[in-house]
Amino acid sequence: MSEPADRNNNPQSTPQTIPRKSATFDDYTLSEIRRAAATGIYDIRGGGAKRRLPHFDDLLFLGASMSRYPLEGYRERCDTAVVLGSRFASKPIELRIPITIAGMSFGSLSAQAKEALGRGASAMGTSTTTGDGGMTEEERAHSDKLVYQVLPSRYGMNPDDLRRADAIEVVVGQGAKPGGGGMLLGQKINARVASMRTLPEGIDQRSACRHPDWTGPDDLAIKILELREITAWEKPIYVKIGAARPYYDTALSVKAGADVVVVDGMQGGTAATQDVFIEHVGIPTLAAVREAVRALQELDMHRKVQLIVSGGIRSGADVAKALALGADAVSIGTAALVAIGDNDPALEEEYRKLGTTAGAYDDWHEGNDPAGITTQRPELAQRLDPVQGGRRLANYLAVMTMELQTLARANGKSNVLNLEPEDLVALTVEAAAMAGVPLAGTRWIPGSEA
Amino acid sequence: MTTKPIDLDSAFLSLREVNAALQAATSGAFRVLNPGGEHALACGLDAAIEVTIDGHAGYYCGGMNKHASITVSGNAGTGCAENIMSGAVRVRGDVSQSLAATGHGGLVVVEGSASARAGISMKGVDIVVGGDVGHMSAFMAQAGHLVVLGDAGTDLGDSIYEAEIFVRGAVASLGADCEEKPLDEEHKAVLDLLLQRAGFNVDPAAFRRYGSARRLYHFSVDHMGEY
């Protein structure tokens, strides 16, 4: 028999449990409590939701088998072109690939970054999008197809840019912050940004969360009428919504007269907003697609009003899955920035100096980006070569497109838009319910009984 | 007007036909008859023409105007002269919400009263209202002038940036970060010119001046109560 344990619980003589950290109060949570206590301001950052979410990774394609035959890679055509805005616009926008570049402002991004995005997208026959702050000459010059955003702030808004855009996007919300306005801290408001936005240099700029001259779908219908009248009914008009109530928001956008509906899930990035907003408002991209498609189908508008899906699109597989669930195209933002050099491990030493690490850098609002992308400091911005950056983006878009075609051919599709939900199964019960496809190996689609 | 205006009759022409005719014109004077409160009338004009809307206009009349002089003989709806760049819009009656919202330049005159959010997010436009303005007028106003001969509703100039507000009557309340400022001779001169351009013969000395206290220009936890 051994001796009774030391009553004083001496760690030298008594077996101990290993130290256990709380799952609720994990290290990140503790660090945030300390940060808040020290600074008295909420955590502001860029990017989209970082928490783990049900996503396209939780879906698989079935491929071809006895009942469906595949197409021969490299020999049998698999079309990728898409036309956006065929409902009302006399000049719809024609893209060679169904992958567009999402709205990102000059101001949040450097002029070099905007130029790189324009070069890369143009090389692949797709579009880029302006952002909160208006259209610059550089981005118009380097983007063959440019979508002009109409945002609540209307910074830099003018009818000449409206008329020289290829499409118009009325932004109701974005996935990172449905219901939130914009924020650009003073560090990034240099003289050029300030003058484009009619604001004093160096002040914190607050963008409104609601449009100044309309609220609700009935007003929006009249706003769209005005935009069409100003541009002689030529331009496709998109309505961009943050994924929150995608069924109703899509239906109301169609009612208001949209040619294209853009649904942005919570993984979609922002230049800067409160972390609490990014992580706790809105729904994942995967959960939004089928509901948006259902609204279009019930109105007999599927493929007539086009649906663009964004938020966490990273690969041709993500594109293929979004299209199979009913989208007409996707948009990328974060992935495009990574392609041109954002968060590159080659800059690790500099990320360390900023108190972060490559892959985690998200203090885009502070304007100190060593990659020269989310900054207005000339010495940093000039590090980004727009030609090289454009080339990298074009390469990345080409790879995504080839991946998309590979998956489409494997499922026997000669056009990527022929991908369908029946080509998919889900790996998790959650994804099966959200995507409305069976759990792999079963006939069970949770929620379909209702 | 030196020449007889060209009549465009909304009783017979579609909105597109009326606007296309106005947008294609490079000079001259036009009258839109029987407007019937139609929306988006005379929007997107880009030349120094004169347009009279002979009656009431709906939403966004004169929206994004450049160079043209537009007069509405009746009332106008929401967002009249929204995002105006230059030229002038005059309304003889009253207007609804969001008058000259985000306007970048030009002159907007309302002889009657304006509803809520007149001059919201204005970016350089000059606005003169003969009557009263509703609540939250000049909300987030960035640049330009809002002149009110009557009274202003609650929360005037909330979150205002560098725009200037002149009110002759009573102000129900000021919004966050808006404060009264001294009306010096230089301000009276600016105001006098605005009143003359708008066609109002009143004494600038009778107005009070309001603008940004600039306390919200940088985020601080100590100003939390104001957000």
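Throughout, read-outs are computed from the coordinates displayed, never taken from laboratory work. All values derive from a computational prediction rather than experimental measurement. Please note: Cβ atoms are built from the backbone with ideal geometry, for glycine as well, and neighbour counts cover all protein chains shown.
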Average beta-carbon neighbours from other chains, 10 Å sphere, peptide A:148-159: 4
Packing-based exposure ordering (other Cβ within 10 Å, fewest first) of B:Ile84, A:Ile308: A:Ile308, B:Ile84
Shape category assigned to the stretch B:26-148 from the gyration tensor of Cα positions, a/c cut at 1.5: oblate
Estimated vicinal HN-Hα couplings, Hz - the stretch B:130-138 in sequence order (Karplus 6.51, -1.76, 1.60; Gly, Pro = x): x, x, 9, 10, x, 5, 6, 5, 6
Theoretical gain in end-to-end length, A:Glu201 to A:Glu449 [0.36 nm per residue, Cα-Cα removed]: 83.5 nm
Cut-off under 5 Å, modelled amide H: who pairs with A:Thr100 long-range: A:Val330, A:Ser331, A:Ile332
Under 5 Å, built H, 5+ apart or other chain: amide partners of B:Val147: B:Ile127, B:Val128, B:Val129, B:Phe166
Kirkwood Rh, angstrom, the stretch B:6-226 [1 / mean 1/r, Cα pairs]: 17.3
Rel. contact order, % - alpha carbon contacts under 8 angstrom, at least six apart, the stretch A:44-419: 26
Value in Å of the Kirkwood radius, where chain A supplies the Cα pairs that are averaged: 23.1
Whole-Hz ³J(HN,Hα) from phi, Karplus 6.51 cos²θ - 1.76 cosθ + 1.60, for the stretch A:13-25, glycine and proline x: 10, 10, x, 10, 6, 6, x, 10, 8, 6, 5, 6, 9
Note, ³J(HN,Hα) from phi for the stretch A:72-89, Karplus 6.51, -1.76, 1.60, rounded to Hz, x at Gly and Pro: 6, x, 6, 10, 8, 4, 9, 6, 10, 6, 9, 10, 10, x, 7, 5, 10, 6
Mean ellipticity per residue at 222 nm, deg cm²/dmol - from DSSP H runs of n ≥ 4 across chain A, formula -39500 (n - 2.57): -9500 deg cm²/dmol
Degrees between helix B:185-198 axis and first principal axis of chain B (Cα, 0 to 90, nearest 10): 20
Pairwise centroid distance, computed over Cα atoms, of the stretch A:382-450 with the stretch B:60-109, Å: 48
For A:Leu59, distant residues with modelled amide H under 5 Å away: A:Leu427
Mean Cβ count within 10 Å, highest first, over the residues of peptides B:95-104, A:274-283: B:95-104, A:274-283
The stretch A:373-450: C-alpha gyration tensor shape, a/c 1.5 cut-off, then a/b vs b/c: oblate
Sum of side-chain charges, A:Val261 neighbourhood, beta-carbon under 10 Å (Lys, Arg +1; Asp, Glu -1): -2
Which of A:Thr129, A:Thr285 has the fewest Cβ neighbours within 10 Å, and the rest in rising order: A:Thr129, A:Thr285
Inter-chain shielding of A:217-230 (mean C-beta neighbours from other protein chains, 10 Å cut-off): 6
